[in-house]
Amino acid sequence: MEDFEQHLKNALGRKEQPAWFEAKVLAAATPPQSRPQPYWRWAAALAAMILIGTGVLVQEERQERAAGEAAKARLQLALKITVTELSKIQKTVRTSTEEE
Amino acid sequence: MTFAEVLRANQSMVFSLAYHFLRDPAAAEEVAQDVFMQLYRKMDDLDGAKHVTFWLRKVTSHRCIDYVRKRGSQATISLADVAEPSIPEQHGDPLLNRRLRQLIATLPEKPRMVMVLRYQEDLTPDEISEVLEMPVGTVKSHLQRSLEMLREKIDRSMGDIR
């Protein structure tokens, strides 16, 4: 190799990177770890779901019970009316039988 | 090989390529970091240390050329504008080394990268042509013309060192 080329090799010898370079690249290449959700968040979410579910069930049960009570009352009224009407008819029949 | 091992083995090579080409330690650090981040995403596609080294040389060379093109007309700077970072010389005459680096910095992008790959990495014209994706004839012609220019300017300013 000619001297001149050796001079070029000397001039273009490898240089050391800055001391922090390796750590900087490794830090940039490592993805930030996803923070774990605290357990109480999951517990709170579960409790809220249970409360909402229970509330809905209780409300549905109340509505069904109210509807049942109303139907029962209507039936009782209808029976009363029927009994009254039947009594009246019975009375009328008895009166007419006695007259004969 | 893990990413950390590849980084440790090649960081000096990548940084030096960028440093000799750009002559700006901060810009060289930026380019070198970008190259390694690209490598990190590409690690699974590369097979073996030789392939990794070839890939790093290729990507670093292209990134340096792109960096200069984006930054502006770096190739036309005058010698007076070329900064010389204060890094201690390991071999040879510090004054001559400094002068040679200044002259190399005035070369257009591709011949400059050819010179850096040839004399920093000791690559053959065939290897340089693969890295820079250019015909071997063009690499040889860049080398010949750059050497002539450098010899002439060095002879003029410092006397015959051949």
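The values are calculated or read from the model by the stated rules, or taken from the named source; none is laboratory data. Every value quoted in this text rests on a predicted model; they were computed, and no experiment measured them. All Cβ positions, even for glycine, are placed from backbone atoms using ideal geometry, and neighbour counts span all protein chains on display.
Looking at the stretch B:1-18, which of the residues that are without any contact (Cβ under 8 Å) to a residue 12 or more places away in the chain and within 19 Å of B:K58 (Cα to Cα) is surrounded by the most Cβ atoms within 10 Å (Cβ to Cβ)?
B:S12
Which of the residues belonging to the stretch B:98-125 are closer than 16 Å to B:T53 by Cα and outside any loop (DSSP other than H, G, I, E, B)?
Across the stretch B:98-125, the qualifying residues are B:V116, B:L117, B:R118.
Can you name every residue in the stretch B:96-146 that is among the small types (G, A, S) and within 14 Å of chain A (Cβ to nearest Cβ)?
B:A105, B:S146
For A:Q6, are the conditions met, namely being under 30 Å from B:G92 (Cα atoms) and of a type outside the set (D, E, K, R)?
Values: under 30 Å from B:G92 (Cα atoms): yes; of a type outside the set (D, E, K, R): yes.
Yes: the conditions hold for A:Q6.
Hey, could you check the stretch B:17-59 for residues that are touching a helix residue (DSSP H, G or I) at 6+ places or on another chain (Cβ under 8 Å) and either polar (S, T, N, Q) or on the phi > 0 side of the Ramachandran plot (or both) and say which is nearest to the other protein chains (Cβ to nearest Cβ)?
B:Q33
For A:S96, only one of the following conditions fails: (1) modelled with pLDDT under 90; (2) of a type outside the set (K, R); (3) surrounded by 10 or more Cβ atoms within 10 Å (Cβ to Cβ). What is its number?
(3)
Going residue by residue through the stretch A:72-87, is there one that turns out to be out of contact with any Lys or Arg (no Cβ under 8 Å at 6 or more places or on another chain) and assigned to a loop (DSSP other than H, G, I, E, B)?
Scanning the stretch A:72-87, I find no residue that is out of contact with any Lys or Arg (no Cβ under 8 Å at 6 or more places or on another chain) and assigned to a loop (DSSP other than H, G, I, E, B), so the answer is no.
Within the stretch A:14-63, how many residues are at the interface with another protein chain (Cβ under 7 Å from one of its Cβ atoms) and either out of contact with any Ser or Thr (no Cβ under 8 Å at 6 or more places or on another chain) or in a helix (DSSP H, G or I) (or both)?
8
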